[in-house]
Structure formats: structure tokens, C-alpha cells
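Take a look at the structure below.
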Amino acid sequence: MLFLIFRFIKNRSDGIIMGIVEKFPERFKNKILTENSIKKINLIDEEINLALSNKNNLKHFYISLAMHYFGTIITCSLEIYLIVNYISPAGGINILEGLFIYVFGFVATSALFFIPANVGSSEGSYSIALSLLGHDPIIGLSVGIIRRLRTFVWAGIGAVLLFYAGLIKNSD
């Protein structure tokens with residue numbers, strides 16, 4: 001999939017964002033494309049073209065992209081590994097099984113993108129993945145709930161920080 005995205009990006013001469021917007025139906029395009037938005041879209045396209053213009057920039061882009069995705073895969077797999085081994089130490093998993101569970105859950109929730117906030121689909125995918133590996137599916141439900149609670153906690157921390165930053169700005 002990433003290869004197809006890179007190929008699409010590399011073969012766009014009229015700009016990536018403008019190329020995507022041009023494919024919209026006319027009624028949406030007329031609402032989106034104002035003189036101001038066209039300038040902003042062209043500016044973004046110019047910046048993307050600059051980033052992908054030479055081999056050195058492209059090499060740095062690929063390295064940063066790989067670091068991002070491999071880092072995400074490793075940390076999410078480690079998170080699932082730690083959660084499962086904490087919940088069920090007797091029926092624990094190894095890190096490769098954690099990787100399988102994460103990738104299986106990611107693919108399943110990506111395929112079910114139309115479910116708002118993936119409610120139930122992520123928990124179900126973890127349960128299916130763990131049952132495929134011979135573990136109790138209820139552990140998958142627990143993993144999904146714990147990961148969702150973690151998301152809510154971080155979102156709450158972010159909201160508090162934004163609220164606090166707004167109070168500080170107003171007091172100045």
C-alpha cells in the first residue's frame with residue numbers, strides 16, 4: 001500500500017492535493033475551491049514537491065516514514081504484549097504474537113473503517129486474533145478496552161493542557 005502511495009505521489013505533476021481535489025464532484029469542488037483555498041492548496045503542493053524534489057530529500061522522507069511506522073508497530077506490539085502478559089501471566093504471549101495481534105487488529109479495523117470510532121471492531125479483532133493463537137478470546141476484549149481507555153486518558157490530558165494553555169493566554 002505504501003508503495004502505491006509513493007508511486008502516486010511521485011507521478012503527480014499538477015500537485016498531489018490539487019489532483020485529489022480536482023477529482024471531487026463539481027458541487028463539492030465549487031464549495032471548496034475559492035481563491036484563498038486554491039492559494040493554500042498550491043502552497044502545500046509546492047512544499048510537498050520541494051520535499052520530494054531530489055534524492056537526498058526523498059531519502060530523508062523514506063527514513064523518517066520508516067522510523068515512524070516501525071516505531072509505531074514496535075511500541076503497539078510491545079503494549080499488547082505487556083497488557084496480555086499482565087492480564088494473563090499463565091497464558092502469556094511472546095512479542096511475535098503481540099505483533100500478529102496488533103497487525104491483525106489494524107487490518108481488521110482498517111477494513112471496517114465505516115464503523116464510527118471502531119466501536120467493537122477493535123475489541124473483536126483482538127479477540128479473534130487471540131483465539132486464532134489458541135488463547136482465551138476474553139483477553140482480547142480486555143486488551144481492546146484497556147487500549148481504548150488509554151486513548152481516553154491521553155485525550156483527557158491533552159484537553160486539560162489545551163484548556164490550561166487557553167487560561168494562561170487569556171490572563172496575559
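Values quoted throughout were computed directly from the atomic coordinates according to the rules given, and no laboratory measurement underlies them. It should be emphasised that the depicted structure is a prediction, and the values quoted were computed from it without experimental measurement. Virtual Cβ from ideal backbone geometry, glycine too; neighbours counted across all protein chains shown.
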For segment 86-93, indicate whether the set of residues that are touching a residue at least 24 places away in the same chain (Cβ under 8 Å) and aromatic (Phe, Trp, Tyr) is non-empty.
no
Kindly indicate the residue of segment 133-152 that is hydrophobic (A, V, I, L, M, F, W, C) and closer than 12 Å to Ile83 by Cα and also surrounded by the fewest Cβ atoms within 10 Å (Cβ to Cβ) among those meeting that condition.
Ile145
Counting just the residues of segment 70-85 that are without any contact (Cβ under 8 Å) to a residue 40 or more places away in the chain and not hydrophobic (A, V, I, L, M, F, W, C), which one comes out farthest from Ser131 (Cα to Cα)?
Gly71
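Looking only at segment 71-121, how many residues end up being in a loop (DSSP other than H, G, I, E, B) and touching a helix residue (DSSP H, G or I) at 6+ places or on another chain (Cβ under 7 Å)?
The number of residues fulfilling the criteria is 5.
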